[in-house]
Amino acid sequence: MKWMRQASALGLLASLVLGALANVAAAAPAVGKPAPEFRLQDQNGDWVSLKDYRGKWVVLYFYPKDNTPGCTTQACEFRDDIFAFRRAEAVILGISVDDLESKKAFASEHSLPFSVLADPDKQTTQRYGVLNKMLGIFEFARRDTFIIDPEGRIAKHFPKVDPDGHSAMVLAALKGLQARGG
């Protein structure tokens, strides 16, 4: 009888540990390593691949959900700074796990002059190590930003960012990286 209780307790403990591990996102790509490739649709239904931007600096930002307060703040700050990013010869791409229709409405409502990409199967979000689960069922992208250099390597990673003032912080970091030659 005692051994059955111990085995049952051990089984429960193993289930809890395995369940907890299932909620852990893959590790984000390290600075200096190649950025994971992707091919996703933007708000216009056009296919966008990271390799399309080889030779350019890319600001790749992940965000939890279209048209939520923090995500809207973040997108609108990037929108408002778009000319500074263009002068720095950088492209901005936003990704969340929302579908294409959500992207279309979000970009239109806020006049976003850059691509917001739909990752409904969550594969890209997972490869970048930013897929979060809530209650084991609801999955969303963590608010992380990656600066990718012209050779396609991760130059800087901003984990778990605050959307307020983030665009200015990314722009300053981008200029610093460019001044140092990468």
remark   = Computed from the beta carbon distance with a Förster radius of 30 Å, FRET efficiency for TRP47 and MET134 to the nearest 0.05 stands at 0.50
key: Fraction of beta bridges assigned by DSSP in the chain that are antiparallel (%, nearest 5)   = 65 percent
key: Spin-label model distance (nm) - ALA30 vs ASP164, 7 Å beyond Cα toward Cβ   = 3.5 nm
key: Charged-residue dipole, Cβ positions (Lys, Arg, Asp, Glu), segment 75-182 about Cα centre, Debye nearest 20   = 380 debye
inquiry  = Can you return the aspartates and glutamates within cross-link range of LYS56? Criterion is Cα-Cα under 15 Å, with same-chain partners fewer than 8 residues away left out.
reply    = GLU37, GLU89, ASP149, GLU151
message = Let me spell out the model: positive unit charges on the Cβ of Lys and Arg, negative unit charges on the Cβ of Asp and Glu, origin at the Cα centre of the chain. What dipole size does that give, in debye rounded to 20?
response = 780 debye
remark   = Hits for the chain under the membrane-span-like helix rule (DSSP H, Cα axial span at least 18 Å, Kyte-Doolittle mean at least 0.5) are 2-22, 166-179
task = Go through segment 144-156 residue by residue and turn each phi into a ³J(HN,Hα) via Karplus (6.51, -1.76, 1.60, θ = phi - 60°); whole Hz please, and just put x for glycine and proline.
result = 10, 10, 10, 9, 10, 6, x, 8, x, 9, 5, 9, 7
request  = Specify the inter-centroid distance of segment 24-61 and segment 75-107, based on alpha-carbon positions, in whole Å.
outcome  = 13 Å
ask   = Dipole size in debye (nearest 20) for segment 125-182 around its Cα centre, Lys and Arg Cβ +1, Asp and Glu Cβ -1?
value = 120 debye
ask   = Working out 0.36 nm times the residue gap between LYS65 and GLN123, then minus their Cα-Cα distance, what length gain in nm do you get to one decimal?
value = 19.3 nm
key: Label-point separation, ALA84 to ALA105 (7 Å along Cα→Cβ), nm   = 3.1 nm
task = Starting from the Cα gyration tensor of segment 27-179, take the square roots of the eigenvalues, sort them a ≥ b ≥ c, and report rounded, prolate or oblate (rounded when a/c is under 1.5, otherwise prolate if a/b is larger than b/c, else oblate).
result = rounded
task = Excluding residues fewer than 8 places away in the same chain, name every one of the lysines whose C-alpha is closer than 19 Å to that of LYS133.
result = LYS65, LYS122, LYS160
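Here, each number is a calculation from the coordinates, and none is a lab measurement. These numbers were taken from a predicted model, which means no experiment stands behind them. Counting neighbours? That spans all protein chains shown, and the Cβs are built from the backbone with ideal geometry, glycine included.
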